[in-house]
Amino acid sequence: MIVGHVEAPSTLYVSDGSGRHYTPVQFGDAKGTMYGFAIADLDGDGRPDIAAARSDAPNVVYLAGPQAGRGQ
């Protein structure tokens, strides 16, 4: 789940698989108001990336980095 904020970094909540516990991970900067997200594999590496729409700040794309244990 992704939550956008006003003048604060966005938060990605990562599930532990049980559906009961989520770890919050903040990303981005504190500029503007986040009002829309699209999630897709934008760079073709097999990992989901995030495109974010903001007001009062440039729109941004966050590309997923290597994941632990994947040898990348």
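Explain nothing, just the number: relative contact order of the chain, from Cα pairs under 8 Å at least 6 residues apart, as a whole percent.
21
What is the magnitude of the charge dipole of the chain about its Cα centre, with +1 placed on the Cβ of each Lys and Arg, -1 on the Cβ of each Asp and Glu, and no other charges, expressed in debye to the nearest 20? All intermediate terms of the calculation are to be shown ahead of the outcome.
Details: 5 positive and 8 negative charges, 34 e Å.
Result for the chain is approximately 160 debye, rounded to the nearest 20.
Assuming R0 = 22 Å, what is the FRET efficiency of A38 and A8, from their Cβ-Cβ distance, to the nearest 0.05?
Plugging the Cβ-Cβ distance into 1/(1 + (r/R0)^6) gives 0.60.
Could you run the Karplus curve 6.51 cos²θ - 1.76 cosθ + 1.60 with θ = phi - 60° over the stretch 52-66 and give me ³J(HN,Hα) per residue in whole Hz, x for Gly and Pro?
My calculation for the stretch 52-66 gives 10, 9, 9, 10, 6, 6, x, 5, 9, 10, 10, 8, 5, x, x Hz in order.
What percentage of all Cα-Cα pairs in the chain are separated by more than 16 Å?
54
For the full complex of protein chains and a 1.4 angstrom probe, list H5, H21 by accessible area with the highest value first. Working shown, then result.
Numbers: H5 60, H21 115 Å².
The residues order as H21, H5, largest area first.
Quick one: net charge of S10's neighbours, Cβ under 10 Å, K/R +1, D/E -1?
Spelling it out: positives minus negatives among the neighbours equals 0.
If you roll a 1.4 Å probe over the chain with all protein chains in place, what percent of the accessible area is carbon or sulfur?
55
The values are calculated or read from the model by the stated rules, or taken from the named source; none is laboratory data. All figures in this text were calculated on a predicted structure; none of them were measured in a lab. Neighbour counts are summed over all protein chains in view; Cβ atoms, including those assigned to glycine, are modelled from backbone coordinates with ideal geometry. These area figures cover heavy atoms from the full protein model, side chains too; ligands, DNA and RNA do not enter into them. Shrake-Rupley method; radii C 1.70, N 1.55, O 1.52, S 1.80 Å.
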